[in-house]
Each structure stands twice: as structure tokens, then as C-alpha cells.
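Below: one structure, written as C-alpha cells.
Every number here is computed from the coordinates shown, using simple stated rules; none is lab data. From a predicted model like this one, the values you see are computed outputs, not experimental measurements. Cβ sites come from the backbone with ideal geometry, for glycine too, and all protein chains shown count toward neighbours.
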């Protein structure tokens, strides 16, 4: 009985270790463009929206560009990946 429990624990530890390694190597960097026909917005929707995510070992940066009849709007948010607090602002207001 103890050998069976040990074997199950060893297999679970192996799978968990592999999952954590895969998660640690996850790459989020890329460019995403919103499909405006499938997106839902309140009020007047923008003409287009683009998101760029840049990932480094120490931080994640999100840049969003929105283009509408009122003009162009861009925001840039940076998040630390070490668990410390990240301070950002959105349209001049702290987040």
C-alpha cells in the first residue's frame, strides 16, 4: 500500500513539476487586433483597437492603441512579474 501511495505521489510530482516549468516559460509577447464586428462596446465603438504585449523576465508591458472618430488614444501599463506592487495610471488617474 505504501509503495502505491509513493508511486502516485511521484507521478503527480513529476507532472506538477513539468506544468510549472511550462508555465514559467509562457510567452505572452505579441500583437492583437480587435475584431470590431465581433466586439461589443457601450456607446460609440472605436474604429479599431490594437494591443501590444511585451514580456521580459522582470516585467510585462501592455500598450493599447484605440482609433475612433474622436481621434487616437494610447495607454501603456507596466506590471512587475516578481510579485511587487506595480504603479500605473489610466487617463491620468492612479490604478
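The table below lists the values:
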read-out	value
P(r) of the stretch 28-94 over all Cα-Cα pairs, binned every 10 Å from zero, in whole percent	18, 42, 31, 9
Sites residue 68 and residue 27 - FRET efficiency at Förster radius 22 Å, r taken between beta-carbons, to 0.05	0.10
Stretchable slack from residue 36 to residue 77, in nm (0.36 nm times residue separation minus alpha-carbon distance)	12.5 nm
